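Data block below; observations after.
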Amino acid sequence: MAAGRAHGARVVAYWFPPDPAGSLRRNAARTGRARVPDAGVRATSKRMRRPTTGDGFDAVLRVRFDGRGGFLVETVETAETEDAKDAEDAVDAVNKNR
């Protein structure tokens, strides 16, 4: 974060919320060493937490699959900065181009 800010960049978190059921389905299709024990998938999902502006981000954006091979991006939280408006504009641009 410090390196980005030192160069004038805004720091934005793109949060991909965990999908335990989807993760278990994809994991079940793996074989050998690529397959993770189901307990490991569940435990990791439980430890995930959404980043916040309190972590130092200027904005937090949630990214989800749109069901058509693309993504939906939505603003979850923005800090009280001018960069927050830039983050909102970026979300609008991504969703417009889907």
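Here, each number is a calculation from the coordinates, and none is a lab measurement. Fair warning: this is a prediction, and the values are worked out from it, not measured in the lab. Quick reminder, even Gly has a Cβ in these numbers, built from the backbone with ideal geometry, and neighbours come from all protein chains shown.
Within a Cβ distance under 14 Å of Ala2, other residues only, what is the Lys/Arg minus Asp/Glu net charge? So the environment of Ala2 carries a net charge of 0. The phi-based Karplus calculation (6.51 cos²θ - 1.76 cosθ + 1.60; θ = phi - 60°) puts the 3J(HN,Hα) values of the range 54-63 at x, 7, x, 7, 6, 7, 10, 10, 9, 10 Hz, whole numbers, x for Gly and Pro. Working note: Karplus 6.51/-1.76/1.60 with θ = phi - 60° gives the range 16-33 the couplings 9, x, x, 10, x, 5, x, 5, 5, 5, 5, 5, 4, 7, 7, 10, x, 5 Hz, where Gly and Pro are set to x. Spin-label model, Arg68 to Glu80: label points 7 Å out along the Cα-to-beta-carbon direction sit 3.9 nm apart.
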